[in-house]
Each structure stands twice: as structure tokens, then as C-alpha cells.
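First the structure, in the form of C-alpha cells, and then the observations on it.
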Amino acid sequence: MSHFLVFLGSARDSTPPSPARLGLRVARACVALLRVGGHTVELIDPLDIELPQIFKPHFAYGKASVPQPLDDLAGKIEQADGYVMVSPEYNHSMGPALSHLLNHFGSSLFAFKPSAIVTYSAGQWGGVRAAVSMRTFLSELGCLPVSAMVHVPHAQDVLDADGEFLDDADRWAGYFGRTLGQLEWWSEAAARQREEQDPNRVSPAFQRAPDQRNAP
Ligand SMILES: Cc1cc2nc3c(=O)[nH]c(=O)nc-3n(C[C@H](O)[C@H](O)[C@H](O)COP(=O)(O)O)c2cc1C
């Protein structure tokens, strides 16, 4: 069994557009489906994490001065076997609350573990345009996204506030399950391989010297 973090990609508090934080429903559905599979899961809500006003990534602080909320989340990221990234589509792009939160952490915390892309929208496209660019983002972050993705159009008509499917629950669970199933498979495979061979020996975490970066 694996341990997953489900990142919720919205910190929005506005109406219109209504409802606010539609993403909470989608994230709750992901948490419930993974728990049914016997996994342990934590929902990471950007509203619960007090980020400093000035942007400074976790890895740029000295050990003694790193803000506790950032350090706590870094520990959770490091401990997890895989990630579900739940994002709205804002202006055809990934939700800024999600990219801002993730930008606080270096790729070494996520590396050699898989992720799943889950997008949604209040309209008809389900966030597919955001999803495409999330592949690039998450690949650079080190947590390669699995091939299947979830897109939920009209999410307000699909899920209630608790993240329960309003209609066709089996069909939706099957649809989510394809992506989450790939995530589970890769998470278990990667965990086994991390035991077998330390990924840091294959690809050490980036340090300061340019020759340690992926560049000529
Ligand atoms: C700033 C902003 C930009 C948006 N851009 C898009 C968009 O490009 N495509 C889309 O389908 N919906 C777009 N929407 C509508 C969202 O799908 C809808 O508001 C959704 O509820 C956002 O998720 P959230 O409530 O979890 O923040 C946008 C909403 C906002 C607030």
C-alpha cells in the first residue's frame, strides 16, 4: 500500500464565478477513491499552509531559518510515494495556487515518484488545456505524470460539496480509477525500486555548480 498526497490547486474565495473552490469536491473524490484502494492519503490544501508573502523556496533557507509550515510540507512531500495534482484551469493554464505552492520545493523531494493530473472546470472543457502544460511542469519537478488524466467538465454538476458523485457514480469511479490505478501501480513499482537502488546515486540532487545541472 502507498501513501499519497492530493494537492488541491485552488485558494479562490470569490463569487462569481460560483461555486468557489470547486476543486475541493474533486480533491475529496480523489482522496476517497484512493482510500477505498487501501492507501493512506492526505489532502494538501493551500489555504492551510501559511506561505511567506515574499517568495523564497524551501531549499533557499538555511536549516535554522526555514519557516515551519514550509518545512512540514517538505517532509510530507519527501515521505509520500506519489501525488495527485488537482488543478482548475485559469486562463487556459494551471491554477496559480498550485504552481505557486509547488514552486516552493525542489525537485529532489518529488523525484523518482509518479504523479497524476486531475483537472476540472465549471464549463465544458474540464481543464484539458491546463492539463497539457502540467505534464511539462510536473516532469521538470521530477514526479513524472502517468499517461492517463482525469478531466471533469461542469464539476459543480458532477460532485456535491463532500466530493460524492451526484449521478453515474460507478462510471465516474471507473474513469478516475484508470488514472489513479496507473498512479498506484507506478508508486508501488517506484517504491520497490527505491529500496533496490538509491536514486540519488543515479542522479544526485541539484547543487550549486552548473555541471550538476542538466545542461552542457
Ligand atoms: C481567473 C479565472 C480564470 C478562469 N479561466 C478559465 C479557463 O481558462 N477555462 C475554464 O474552463 N474555466 C475558467 N475559469 C472558470 C473556472 O473553471 C471555475 O471558476 C472553477 O470553479 C475554478 O475552480 P475553483 O473554484 O476551484 O477555483 C476561470 C475562473 C477564474 C476565476
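What the table below lists for this structure:
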| item | result |
| --- | --- |
| Residue match in the stretch 67-77 (condition: away from the ligand (no atom under 15 Å from the Cβ) and touching a residue at least 40 places away in the same chain (Cβ under 8 Å)) | yes |
| Flag for Ser108 being more than 20 Å from His39 (Cα to Cα) and within 16 Å of the ligand (Cβ to nearest atom) | no |
| Selection count where residues are more than 11 Å from the ligand (Cβ to nearest atom) and part of a helix (DSSP H, G or I), scope the stretch 44-53 | 2 |
| Qualifying residue in the stretch 196-205 (condition: within 20 Å of Phe4 (Cβ to Cβ) and modelled with pLDDT of 95 or more) | no |
| Count - residues of the stretch 54-70 that are open to solvent by less than 80 Å² (accessible area, probe 1.4 Å), assigned to a helix (DSSP H, G or I) and more than 17 Å from Leu43 (Cα to Cα) | 2 |
| Residue match in the stretch 165-177 (condition: surrounded by fewer than 17 Cβ atoms within 10 Å (Cβ to Cβ), within 14 Å of the ligand (Cβ to nearest atom) and not hydrophobic (A, V, I, L, M, F, W, C)) | no |
| Qualifying position, being within 28 Å of Pro17 (Cα to Cα), in contact (Cβ under 8 Å) with a residue 24 or more places away in the chain and touching a Cys at 6+ places or on another chain (Cβ under 8 Å), among Phe176, Phe165 | Phe176 |
| Only one of Ala122, Ala130 that is small (Gly, Ala, Ser), within 12 Å of the ligand (Cβ to nearest atom) and open to solvent by 20 Å² or more (accessible area, probe 1.4 Å) | Ala122 |
| The stretch 133-162, residues that are away from the ligand (no atom under 16 Å from the Cβ), of a type in the set (Ser, Thr, Tyr) and in contact (Cβ under 8 Å) with a residue 24 or more places away in the chain | Ser147 |
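Okay, residues lined up against (1) in a loop (DSSP other than H, G, I, E, B); (2) of a type in the set (Asp, Glu); (3) open to solvent by less than 40 Å² (accessible area, probe 1.4 Å):
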site	(1), (2), (3)
Phe7	no, no, yes
Arg12	yes, no, no
Thr15	yes, no, no
Val26	no, no, yes
Cys30	no, no, yes
Glu42	no, yes, no
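The values are calculated or read from the model by the stated rules, or taken from the named source; none is laboratory data. Since the structure is predicted, the reported quantities are computational estimates derived from the model, not experimental observations. Using ideal geometry, Cβ is built from the backbone for each residue, glycine included, and neighbour counts are taken over all protein chains shown. Heads up: the accessible areas ignore ligands, DNA and RNA and are worked out on the full protein's heavy atoms, side chains in. Shrake-Rupley method; radii C 1.70, N 1.55, O 1.52, S 1.80 Å.
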